[in-house]
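Each remark here refers to the structure printed beneath this line.
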Amino acid sequence: MHYDALRTFVTVVEVKNFTRAGEMLRLSQPSVSLHIKQLEREFGTKLIDRSPKHLYVTQAGEMLYERARQMLNLYEKAREDIYAHQHRIAGTLHIGASFTIGEYVLPVLLADFCHRYPHVEIEVTIGNTQRIIEAVKLLHMDIGLIEGQTSDKELQIVPFMKDEMVLVAPMNHPLVGNKPITPDELQDEIWIVREEGSGTRVYSDHVIRTLGLSVGKTITFSSNQAVKEAVAAGLGITLLSKWVVRKPIQHGELAMISIQGEQFPRRLSYVVPVHAEQTNLVKVFLREIEKMSD
């Protein structure tokens, strides 16, 4: 039994016209008639009666029509499944992510990605921006998600998401209140900062220079969590991503300080090697994260 003959038969039954069925299937009328005759010969019975003005489906034809629709549906489903299997997105994706992205942004993104592509294995390495840039450059990772910037000509850097940095302090800090402060009120404060090579550290240093602030002292930690804990303990103030401090602020563990006329936006970016050929898996992942910039 041939797929084409069954498809022709089902179409003829549904449109009740040989000519129209041929037009829909891009077949000549003799070809349509031949398909029907092949089925009638195979089943040894009349399936369709025709008169110059009418077309009638026999009882045997009605029985075959129901089964034929089921068989065609199963055939199409099998074809779709086999195609999906042959072209499915699978393999291991090696992602490098700087701390803010790796600890707060990436888990949210991967939850949806892994649901869409269940055959993909994910390996995530979290480090500061400079470490991730070097690992991608050496092809140790397929893609790097970073908070900072790079001018390395061997890497392509593409912004994929907006972020905002906020100034936070202990709840009992004298500057905590409802009113925005002036930059001068931040002179000689103790700053809790990330280590050199961190995108957050680069941005913090930039803000301190731009506002013309003198720093009383800096205390350096190599993780966002340690910075948050140090600030909550009363060691000083810091500038961190809203992603990092959202829950501590909601729970009353940290307080946000607003500065008159100042906001601190930045872009999160991905980096990939310029000359390395991207796999389908990497291309699919890049399409997913680029949706976050919409």
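The values are calculated or read from the model by the stated rules, or taken from the named source; none is laboratory data. Keep in mind that this is a model prediction, so the values were computed, not measured. All Cβ positions, glycine included, derive from the backbone under ideal geometry; neighbour counts span all protein chains shown. Accessible surface areas use protein heavy atoms only, side chains included; no ligands, DNA or RNA. Shrake-Rupley method; radii C 1.70, N 1.55, O 1.52, S 1.80 Å.
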Considering only DSSP beta bridges with both partners in the chain, what is the antiparallel share in %, to the nearest 5?
-> 55 percent
For the Cα atoms of the chain, what angle does the longest principal axis make with the long axis of helix 199-210, in degrees from 0 to 90, nearest 10?
-> 50 degrees
With everything on Cα atoms, drop me the angle between helix 106-116 and the longest principal axis of the chain, reported from 0 to 90° to the nearest 10.
-> 10 degrees
Which of the chymotrypsin sites (Phe, Trp or Tyr not before Pro) across segment 198-251 are loop residues per DSSP, with 13 or fewer other Cβ within 10 Å?
-> none
Long-range amide H contacts for ILE259: which residues qualify at under 5 Å (H placed 1.01 Å from N, peptide plane, sequence gap of 5 or more or a different chain)?
-> ILE181
So how many Å³ per residue does the convex hull of the Cα atoms of segment 2-82 work out to?
-> 90 Å³
Restricting to Cα pairs under 8 Å and 6 or more apart, the percent relative contact order of segment 164-265 works out to 50 percent
In segment 203-294, GluC sites (Glu not before Pro) in a DSSP loop with at most 10 other beta-carbon atoms within 10 Å = GLU277
Correct response: the longest run of the chain lacking exposed trypsin sites (Lys or Arg not before Pro), defined by DSSP loop and at most 11 other Cβ within 10 Å, is 154-294
Applying the Karplus parametrisation 6.51 cos²θ - 1.76 cosθ + 1.60 with θ = phi - 60° to the phi angles of segment 256-265, what ³J(HN,Hα) value in whole Hz is obtained for each residue in order, glycine and proline being reported as x?
-> 9, 10, 9, 10, 3, x, 10, 9, 10, x
Nearby aspartates and glutamates by direct alpha-carbon distance to LYS162 (threshold 14 angstrom, same-chain neighbours under 8 apart not counted) = GLU147, GLU290, ASP294
Rounded to the nearest 500, what is the chain's calculated 222 nm mean residue ellipticity when only DSSP H runs of at least 4 contribute -39500 (n - 2.57) each, over all residues?
-> -13500 deg cm²/dmol
Compactness index (Cα Rg / 2.2 N^0.38 Å), segment 1-147 = 1.90
With a/c under 1.5 counting as rounded, go ahead and sort segment 82-226 into rounded, prolate or oblate using the C-alpha gyration tensor (a ≥ b ≥ c being the square roots of the eigenvalues; past the cut-off, prolate if a/b is larger than b/c, else oblate).
-> prolate
Provide the convex hull volume over Cα atoms per residue for segment 181-266, in Å³.
-> 96 Å³
Considering the Cα trace of the chain, what is its radius of gyration and what is Dmax, both in angstroms?
-> 32.4, 100
Of all the accessible heavy-atom surface of segment 164-265, with the other protein chains kept in place and a 1.4 Å probe, what percent is carbon and sulfur?
-> 50 percent
